[in-house]
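What follows is a short report on a single structure.
Any read-out appearing in this document is the output of simple, stated calculations on the displayed coordinates, not a laboratory observation. All figures in this text were calculated on a predicted structure; none of them were measured in a lab. Neighbour counts are summed over all protein chains in view; Cβ atoms, including those assigned to glycine, are modelled from backbone coordinates with ideal geometry.
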Amino acid sequence: MINDFGNIEKQILKKITPSSQERKKIKKIISQLKKEIKQEIKKYNLQLTVELVGSIAKETYIKDNVDIDLFILFPPSVSRKKLQKTGLSIGRSILKNQEECFAEHPYIRGTYNGIKTEIVPCYKIEYASQKLSAVDRTPLHTKYVKQHLLESQKKEVMLFKQFLRGIGCYGAEAEVEGFSGYLCEILIIKYYKFRTLISDAQNWQYGHKITLQKGKTPNFSTPIVFIDPVDSQRNVSSAVSEEKFNLFISASREYIKKPRITFFFPNKIKPWTLKKIKKEWEKKHFIAVKIKKPPIISENLYPQVRKAIHSIKELCERYDFTILNYRFFINDVDIYMILLPNKLTISKTKLHKGPPVEMEKNANKFVNRWIENNKTIKKPYEKKGRLYVEIKRDYNKIENLLKEQVSNLSLGKHIDKIVQKNYTILKQDDLLIENLRVFWTEYLDKKMPWER
């Protein structure tokens, strides 16, 4: 078994480690980019420095996942407004395929020489306690990892990152809700080796707490807590969702049992035929709300979609429709928020339970409220010492509820604007379409990425 681990991990490292030639090429590109930024800086009468951060700076990047992260460090005396304006101006003058993103303040994301690049303004600080914005810590993170990560551990970080990529847990961005690069690095600093980490992780429970330094630490109500060695008030793992935390534990357990290359490089999903999907649908009742995708970056889009589908689920349950499951799917044009209710149609009336008869004041209120109510089907009556009334439901078809009420919900700033204009309710047969084949295959097959 030890040989199995060793052989697989060697194969993976061979596949993901950048060659010396590739490293030289990246260094050359970064050197040129820094030179261009410094030329731009000369236009401003400011003492600014340029610093490479992220996985390239720490030499923990994977050859097919290269991102350049350059920070422009401003003196703390510069106003936030000036920092933003100058930082954005410099980024816009250099990067192609630009988009303006927002952390605690705006920055520019784009490409340079075909490589994904971010140019981020921040304040130059020595300690996290001096931070004026959250991104100010990032250069300190880079410095910490460079000082504490051993040369031999860089390959362990790369293995861990690829493992997380393979199982779908890599990245702290809203689309993934997984493990950030920095979290991967400090986990390896903590556990020394990839396999030691995975071996320990298989036994983690919700709320698992990790620190690199002794002393009192704050409490966080998240699946995993890793106190930032650079800022003792911050939880580095706050982005990790419960779903991704559980997936990581399952993957760790299975990998220790039986290591396979597919944990790192899963086979692609082979979409089922529409006929097979329809067969698997038997006795299920799917319904969906479809809207146009708003033109916003994924960091803003995904939290809103999660909020929207959760609000829609709550709406259904408020009107007594039991929702067994709910998922969403986003493509370049549309967003599908798909619900699996227990039933599409429920009874037209329901029994509404009142107070015990002996609670005279409450009982009288209950009777007065319902005795002449236009929703009352059967007037209040007593059964085993308690009052009941049979009333007409506002909606007994989930389709009608969604058609009439979705636009009244608070679904998120950008989604609300779309919904106010138009949204479509799709019945089950409307969802049996070509561009949802991969979604349905993954949903119905229930195989883990490494099992495909």
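Numbers for the structure displayed
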| read-out | value |
| --- | --- |
| Contact order relative to length of segment 50-191, as percent, for alpha carbon pairs under 8 angstrom and 6 or more apart | 22 |
| Nonlocal amide H pairs with LYS209, under 5 Å, H built at 1.01 Å | VAL225 |
| Label assignment, semi-axes √(5λ) of the Cα gyration tensor in Å derived from the structure, set (1) 54, 34, 18; (2) 40, 22, 22; (3) 48, 28, 24 | (3) |
| Excluding exposed DSSP-loop GluC sites (Glu not before Pro) (at most 16 other C-beta within 10 Å), longest clean stretch of the chain | 176-281 |
| Dipole moment magnitude, nearest 20 debye, segment 224-308 about Cα centre, only Lys, Arg, Asp, Glu C-beta charged | 880 |
| Zone residues, segment 61-87, relative to LYS34, backbone N less than 14 Å from point 7 Å out along Cα-to-Cβ | 69-73 |
| Net dipole in debye of segment 149-266 [+1 Lys, Arg Cβ; -1 Asp, Glu Cβ; about Cα centre; nearest 20] | 520 |
| Most positive-pole-ward Cα, GLY207, LEU150, TRP450, against dipole of the chain from beta carbon charges | TRP450 |
| Proportion of all alpha-carbon pairs of segment 349-392 beyond 16 Å (%) | 26 |
| Per DSSP, loop chymotrypsin sites (Phe, Trp or Tyr not before Pro) in segment 198-279 with at most 13 further Cβ within 10 Å | TYR206 |
| Positive-pole candidate from GLN420, HIS285, PRO139, dipole of the chain, charges at beta carbon | HIS285 |
| Signed unit charges on C-beta, dipole axis of segment 149-266, positive-most listed residue VAL240, ILE167, TYR191 | TYR191 |
| Hits among lysines - C-alpha to C-alpha of LYS209 under 20 Å, sequence gap 8 or more where chains match | LYS190, LYS193, LYS244 |
| Computed over segment 149-266: relative contact order in percent, which uses C-alpha pairs under 8 Å that are six or more apart | 30 |
| The chain, dipole about Cα centre (Lys/Arg Cβ +1, Asp/Glu Cβ -1), debye to the nearest 20 | 380 |
| Distance between segment 194-245 and segment 265-338 - C-alpha centres, whole angstrom | 30 |
| Kirkwood Rh and Cα Rg combined as Rg/Rh, segment 149-266 | 0.94 |
| Fraction of antiparallel bridges per DSSP, segment 26-135 only, in percent to nearest 5 | 65 |
| Stokes-Einstein D for segment 334-439, Kirkwood Rh over Cα pairs, 25 °C, 0.890 mPa s (µm²/s) | 142 |
